[in-house]
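Q: Structure incoming, see below.
The values are calculated or read from the model by the stated rules, or taken from the named source; none is laboratory data. It should be emphasised that the depicted structure is a prediction, and the values quoted were computed from it without experimental measurement. All Cβ positions, even for glycine, are placed from backbone atoms using ideal geometry, and neighbour counts span all protein chains on display. Surface areas here come from the heavy atoms of the whole protein model, side chains and all, with no ligands, DNA or RNA. Shrake-Rupley method; radii C 1.70, N 1.55, O 1.52, S 1.80 Å.
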Amino acid sequence: MRNPLSLQIIASRELGGAERWFIRFSRALAAQGAPAELAIRRASGLDGLDLGSLPVHRLPFRTTWDPFSRLAVARLIRRLRPAIVQTYMGRATRLTHLPERSGAIHLARLGGYYEPGPYRHAHGWIGNTKGLCDWMIRQGLSAERVHHIYNFAEPARPVASEAVAARRALHGIPDDAWVLMTLGRFVPVKGLSHLIDALSRLPETIAGRPLRLVMAGDGPLAERLRQQARQSDQERRIVWAGWQIDPAPYFQMADLVVFPSLDAETLGNVILEAWSWGRPLVTTRFRGAREIARHGEDAWCVPCEDDRALAQGIAHLLSDESLMKALVARGAERVAQDFSATTIMDQYLELYRQLARV
């Protein structure tokens, strides 16, 4: 069966997990021989990034109700005549209304528990967890048109050890330090204030090694988090690495990945990335983690918004090398069995072919 042409549309201004997934997914489509074109917001964080040979269309996407952008989307669809139009989040979905007799199928991909009203006009909806799909159905979306497909874990792409050492030296991380890493937008749902509180509860050294926390990200809470770090005397133990389109050097230098999200977090790509990179993981039991992570098997799971439990989990793993190795081994198995690019992309392409009837 041939793969239908798809148009992937995202209208966000800033970079975050959804945007990293958009890039990863679009590249995977190309790698699978599935033609795709991209529509992004002009002058956004995505604009100007290297998207390889993928065709990119830059649209205004100024507001949720921008009539000029809605017209621009409709014209683009008429010109490209894609079989599948996949939109991400609210703005892109609100502004995408397929022209009459376009023959295209509109799939709205929800990455969170959003108000379903702006999504109801789509022909189908994709949720990246079973819990999210169940919630969509409870909100009145047709169960026959709700499709569950997990995200995939991008394979680790090792960086030269010299480059990692140089990055470590740049940040002044001692050679003998434990490196804790967290990744994501600095927004409330990521629970990063609890991670800084947890760091303040940890001793100066564990097993004779000092601690350093790499915060790879940025966002509206950046200054508040820095102030919290200064007030709790943790600034000296934190590396503010900034937003990373390619966080490979930081995953490679990490001894432990920590993901402290609040319960509203839907999936948490960092879980999959930690498993793919072979890094032990401490995560809170937010919605997505309760669905995919297994405490003591592939991750160490602690309650949300509990900095004491988070600190205890970090200390427990760093003090137990055999447990860390066991979590890493099982995480690698989970990726291979359930979250590989091949497995997930096969599901997407089968859905595309069914809907496009090719």
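Q: Check whether at least one residue in the range 14-30 is of a type in the set (Phe, Trp, Tyr) and out of contact with any Phe, Trp or Tyr (no Cβ under 7 Å at 6 or more places or on another chain), and report yes or no.
A: Residues of the range 14-30 of a type in the set (Phe, Trp, Tyr): 21-22, 25.
Then keep just the ones that are out of contact with any Phe, Trp or Tyr (no Cβ under 7 Å at 6 or more places or on another chain); that gives 21, 25.
Within the range 14-30 (the criterion being of a type in the set (Phe, Trp, Tyr) and out of contact with any Phe, Trp or Tyr (no Cβ under 7 Å at 6 or more places or on another chain)), the answer is yes, since at least one residue qualifies.
Q: Can I ask one more? Search the range 250-272 for residues being closer than 24 Å to Ala169 by Cα and assigned to a helix (DSSP H, G or I), and hand back the single one that is farthest from the chain's Cα centre (by Cα).
A: Restricting to residues being closer than 24 Å to Ala169 by Cα and assigned to a helix (DSSP H, G or I), the top hit is Met253.
Q: Mind checking whether some residue in the range 130-142 is open to solvent by less than 60 Å² (accessible area, probe 1.4 Å), touching a Pro at 6+ places or on another chain (Cβ under 8 Å), modelled with pLDDT of 95 or more and not in a loop (DSSP other than H, G, I, E, B)?
A: Yes, that holds for at least one residue.
Q: Could you list, ordered by first residue, the pairs with Cβ atoms under 9 Å in which the first is in the range 52-79 and under 18 Å from Leu5 (Cα atoms) and the second is in a helix (DSSP H, G or I) and open to solvent by 90 Å² or more (accessible area, probe 1.4 Å), at least 6 apart or interchain?
A: Pairs found: Gly52/Arg27; Leu54/Arg27.
Q: Report every pair of residues separated by at least 6 positions or lying on different chains whose Cβ atoms are under 7 Å apart, first residue within the range 280-295 and under 19 Å from Thr182 (Cα atoms) and among the polar types (S, T, N, Q), second in a helix (DSSP H, G or I) and open to solvent by less than 10 Å² (accessible area, probe 1.4 Å).
A: As it stands, the answer is Thr283/Ile271; Thr283/Ala289, since those pairs meet every condition given.
Q: Something else: Which residue pairs have Cβ atoms under 6 Å apart, sit 6 or more places apart or on different chains, and have a first residue in the range 334-358 that is without any contact (Cβ under 8 Å) to a residue 60 or more places away in the chain and a second that is open to solvent by less than 70 Å² (accessible area, probe 1.4 Å)?
A: Listed by first residue and then by second, the contacts come to Arg334/Trp275; Arg334/Asp298.
Q: Return the only residue of Ala122, Ala104, Ala156, Ala143 being without any contact (Cβ under 8 Å) to a residue 24 or more places away in the chain and small (Gly, Ala, Ser).
A: Being without any contact (Cβ under 8 Å) to a residue 24 or more places away in the chain and small (Gly, Ala, Ser) holds for just one of Ala122, Ala104, Ala156, Ala143, which is Ala143.
Q: Now a separate question. Condition (residue is at pLDDT 95 or above, among the aliphatic types (A, V, I, L, M) and surrounded by fewer than 18 Cβ atoms within 10 Å (Cβ to Cβ)) applied to the range 290-305: is it met by at least one residue?
A: First, pick out the residues of the range 290-305 that are at pLDDT 95 or above: 290-305.
In the following step, the residues that additionally are among the aliphatic types (A, V, I, L, M) were identified as 292-293, 299, 302.
Narrowing further to those that are surrounded by fewer than 18 Cβ atoms within 10 Å (Cβ to Cβ): none.
No, the conditions are met nowhere in the range 290-305.
Q: Could you pull out every one of the helices (runs of 4 or more DSSP H) wholly within the range 286-358 that has 1 or more residues that are under 18 Å from the mean Cα position of the chain (by Cα) and farther than 30 Å from Pro203 by Cα? Full working, then the answer.
A: On the way: elements: 287-292, 307-318, 321-338, 341-356.
Because the criterion is at least 1 residues that are under 18 Å from the mean Cα position of the chain (by Cα) and farther than 30 Å from Pro203 by Cα, the helices (runs of 4 or more DSSP H) in the range 286-358 that meet it are 287-292, 321-338, 341-356.
Q: One residue is enough: does the range 198-218 have a residue meeting the conditions touching a residue at least 12 places away in the same chain (Cβ under 8 Å), part of a helix (DSSP H, G or I), in contact with a Leu (Cβ under 8 Å, 6 or more places away or on another chain) and surrounded by 15 or more Cβ atoms within 10 Å (Cβ to Cβ)?
A: Yes, the range 198-218 contains a residue that is touching a residue at least 12 places away in the same chain (Cβ under 8 Å), part of a helix (DSSP H, G or I), in contact with a Leu (Cβ under 8 Å, 6 or more places away or on another chain) and surrounded by 15 or more Cβ atoms within 10 Å (Cβ to Cβ).
Q: Among the numbered criteria (1) open to solvent by 40 Å² or more (accessible area, probe 1.4 Å); (2) at pLDDT 95 or above; (3) not charged (D, E, K, R), which one does Pro158 miss?
A: Condition (2) is where Pro158 drops out.
Q: Something else now. Among His123, His148, which is the only one that is under 24 Å from the mean Cα position of the chain (by Cα), open to solvent by 40 Å² or more (accessible area, probe 1.4 Å) and farther than 30 Å from Pro249 by Cβ? Give the derivation first.
A: Numbers: His123 fails: under 24 Å from the mean Cα position of the chain (by Cα).
Residue meeting the stated conditions: His148.
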